Amino acid sequence: MPKKDQAPDKQPEKEKTEISPLDDIYQAKREDEPKDYFSTFEKSDKMAAWKKWLIGFFILLFVLAGSTVAGFFIFNSKEKFSSLNIKLEFQGPQVVSSGDSFSFTVLYENSENIALKNSEITLNFPDGFYFEESSPLPDNEFKNSWDLKNIPAGNKGKIIIKGRIVGENNSSKTISARLNFEPENFSSPFDVRKDYLVRLNDSALKINFDLPSRAAPDSRLVGKISLLNNSLKPIKDVKLEINLPSDFTVEKIEPPSKNSIWEIAELLSDKPYEITIAGSLAGANGEYKEIKAKASLRNDKNEFIAQTETNALISMINPNLEAVILTNDKIGAISVDWGDTLAVSLKVKNAGDQIIRDVAGQLTIDSTAIDWQNIRWTIPGKLLSVKNSSQKILSWTKDEFPDLLELSPGKETILSATLPVIERPPKNVSAKDLIIAVKGQAVSKNVVDLEGVEIKSDASPVEVRITTQVQLRPEARYTDDEYQPLGTGPVPPEVGKTTTYQIQWYLSNASNEVTDAKITTTLPQNVFWKGGETGSGTLSFDPATREVAWTINRVPARSGLDLSGLSANFTVSITPKELEIGSSITLTEQTSLEALDGFTNQIIQKKFDILTTDLPTDSLYAGKGKVVPAVLDAVNSNTNININANENLNSN
């Protein structure tokens, strides 16, 4: 081995030239030891393919990332999008009347640089909203969606909607809008929303009362209640309710209703819905009576929502005008006879605290039994006829009777006249002919504190019934109308000799059936019962009381007129004494009639004079009743009768 300090045969190191690694690899002319780099690659084929693939992947990834970054900068620099540039607004009234039609506008605008596709506006209406129309028309059955399709960049549009809202007064309603869209070159949906607040003020429906502010109790009250539409358009589905006081007596309500409720399909702006009421109010002086009215509208849930409610107060002022009917100076029903007179009066009194002026009084008489040609006015008045009626009116005003000009509190006056009843009933009498119906009233339209308000006081009506004419004709006869003997013995009566007479009772009845009729008389002590008979009822004699009685259960109307009369007769005898010479002898005491009128329910009582031997109704022996002394019998009594009859005929 060479020594440590011995130089090798090669050139010194400082003379060597530096070679780069690549030169070292690719230099082929170098005389240095052989290099094995490429032989290493050739030996590792699998490792070389993997490295190529990895290098390609990173190159592709780099290209994509660059494209993305480039696209981002390019997009942001030219077509930047923000939903803040999409506008959605409402234009319309902030305050509307409930039920009144109004219009509002939905405005939309695309202020972006790109178009909006699949655009749609949807509205959410509140409860009580009624859609009426829009421009353009909605695209769904609910009438709340509009398909705008594409909205180009920088374009705008509008939707005009007309409808009405029903709700409570002073409430608020919100209409919401939403615009759905997709920006062009975007696949994600966007939306913009907006709310429209509408306040409901006083309803367009108004209720007016045309009623008197003051009224007299039980006087006639007439007025109107009107429902008005103060908007310019018709209002649909309206309900009007009226609440009358419980002590209001309805005479008439037009148009008619069910339970004072009216449903109005459409209320026009120029045609009020009017309700006329007529009736009377009861109440005490100083009371207030309230009439209420309420108008409602139907909402989308078929419910009626109150829109307006108001009331009217009526002050009760009681002038207390009293009217009372008097007949024959009596209050209440009475009866009169045919041929009587009937005094009818109307007593009018101011029993209140207000002065009553210009009073008018009247009595309405409904009867066919009055002789109107011969009435007598106690207080001057006028007789008025009612067309096609049996009624007549007795009327008094201040023009005929100055006392009616003013009635101060507590003052009264009486208006009266006398009516003659005809002598006998008509042949074909009816129940109406037997009644005199009397009605009365006092009226004034001039009461202090009630000027223009009519007060009226109706008197309680009175029905005067005409009692039937029951007639009894008591007669003492010796002969009948044909001069045939009914009695025996001397006429004139002679002392010590017995003479018999027949007592006849003839009963007739004019207009009303009577029942329980009884005719009685009493025989003096010197007159003796000889028997009797009747075709109706029962005829009897009581020796103890010496009473003769004829009782009849029923006496039909028109008996003795159109029908046969009822009769009874009995025979009595006398034997005069000397102290009776020159005097007529009483055959019966007064005769009494008592019966019940079945129509008037009045007891009929009549008395008739005594019957004597003077025989005033016997045409042959009238006036020949004084007792004479006894004379010798020249001929029998029958001969005397025949002779006297012949003499009487000759004298006639």
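Rg/Rh for segment 351-480 stands at 1.17; both radii use Cα atoms, and Rh follows the Kirkwood definition.
Heavy-atom accessible surface of segment 385-503, averaged per residue, reaches 46 Å², computed with a 1.4 Å probe. Were the residues from T249 through N328 laid out at 0.36 nm apart, the gain over their Cα-Cα distance would be 25.0 nm. Evaluating 6.51 cos²θ - 1.76 cosθ + 1.60 at θ = phi - 60° for every residue in segment 622-629, the Karplus couplings come out as 4, x, 10, x, 7, 6, 10, x Hz, glycine and proline recorded as x. The string of couplings for segment 358-374 from the Karplus curve (6.51, -1.76, 1.60, θ = phi - 60°) is 6, 7, 10, x, 8, 10, 9, 10, 10, 6, 9, 9, 9, 8, 5, 6, 10 Hz, one whole number per residue in order, with x for Gly and Pro.
First compute the accessible area of the chain with a 1.4 Å probe, then give the percent of it belonging to carbon and sulfur atoms.
49 percent
In terms of the mean number of neighbouring beta-carbon atoms within 10 Å, the peptides 422-428, 489-495 order highest first as 489-495, 422-428. For W338, the amide hydrogen comes within under 5 Å of the amide hydrogens of T467, counting only partners 5 or more places away or on other chains and with H modelled in the peptide plane.
Measuring nothing but how far apart in sequence close Cα pairs (under 8 Å, 6+ apart) lie, relative to its length, segment 389-531 scores a relative contact order of 17 percent. For the residue pairs K162/K224; K439/K607; K162/K301; K292/K349; K162/K292; K224/K456, alpha carbon separations beyond 28 Å are given by K162/K224; K439/K607; K292/K349; K162/K292. Other residues whose C-beta falls under 9 angstrom from the C-beta of K117 contribute a net charge of -1, scoring Lys and Arg +1 and Asp and Glu -1.
Distance between the pseudo-spin-label points of K156 and T498 (7 Å out from Cα toward the beta carbon): 14.5 nm. Accessible surface calculations at 1.4 Å, restricted to protein heavy atoms, place segment 271-360 at 43 Å² per residue.
Each principal axis of segment 527-570 carries a Cα extent, and these read 38, 17, 13 Å when sorted largest first. The three principal axes of the C-alpha atoms in the chain carry coordinate ranges of 246, 61, 49 Å, sorted with the longest axis first. Between the amide H of E112 and those of G154, distances stay under 5 Å, these residues lying 5 or more places away or on another chain, with hydrogens modeled in the peptide plane.
Each peptide among 354-364, 322-332, 259-269 gets the average number of other Cβ atoms lying within 10 Å of its residues, and from highest to lowest they stand as 354-364, 322-332, 259-269.
Out of every Cα-Cα pair that segment 576-619 contains, those further apart than 14 angstrom amount to 64 percent. Taking 7 Å steps out from each Cα toward its Cβ at F608 and K206 produces label points 8.5 nm apart. Do the alpha carbons of any pairs in K347/K382; K173/K258; K347/K398 sit beyond 26 Å of each other, and which pairs? Pairs exceeding the cut-off: K173/K258. Relative to its residue count, segment 277-340 spans a Cα convex hull of 182 Å³ per residue.
Across the chain, Cα pairs under 8 Å and at least six residues apart give a relative contact order of 8 percent.
Can you give the percent of C-alpha pairs in segment 506-618 whose distance is more than 18 Å? Distances greater than 18 Å cover 55 percent of the Cα pairs. What is the local net charge at N155, summed over the other residues whose Cβ is closer than 14 Å to its Cβ (Lys, Arg +1; Asp, Glu -1)? Overall, the nearby charge balance is +2.
Heavy atoms of the protein chains alone define the surface here; on that basis segment 530-635 has 54 Å² accessible area per residue at 1.4 Å probe size. Electrostatic tally near Q605: other residues with Cβ closer than 13 Å to its Cβ, Lys and Arg +1, Asp and Glu -1, net -1.
Computed FRET efficiency, Cβ-Cβ of I355 and S257, R0 35 Å: what is it to the nearest 0.05?
0.30
Here the Karplus curve 6.51 cos²θ - 1.76 cosθ + 1.60, taken at θ = phi - 60°, turns the phi angles of segment 429-435 into couplings of 6, 10, 4, 5, 5, 9, 10 Hz, with x standing for Gly and Pro.
Using the Cβ-Cβ distance between F142 and T397 with R0 set to 60 Å, the FRET efficiency from 1/(1 + (r/R0)^6) comes to roughly 0.25. Mind checking which aspartates and glutamates have their C-alpha under 12 Å from K626, skipping anything on the same chain fewer than 8 residues away? Partners found: E494, E578, E580, D614.
Taking a straight Cα-Cα cut-off under 17 Å and skipping sequence neighbours fewer than 8 places away in the same chain, the aspartates and glutamates within cross-link reach of K427 are D337, D371, E513, D562.
The values are calculated or read from the model by the stated rules, or taken from the named source; none is laboratory data. Please read all numbers here as calculations on a predicted model, not as lab measurements. FYI the Cβ positions are ideal-geometry reconstructions off the backbone, even for glycines, and counts take in every protein chain you see. Ligands, DNA and RNA are excluded from the accessible area calculation, which covers all protein heavy atoms including side chains. Shrake-Rupley method; radii C 1.70, N 1.55, O 1.52, S 1.80 Å.
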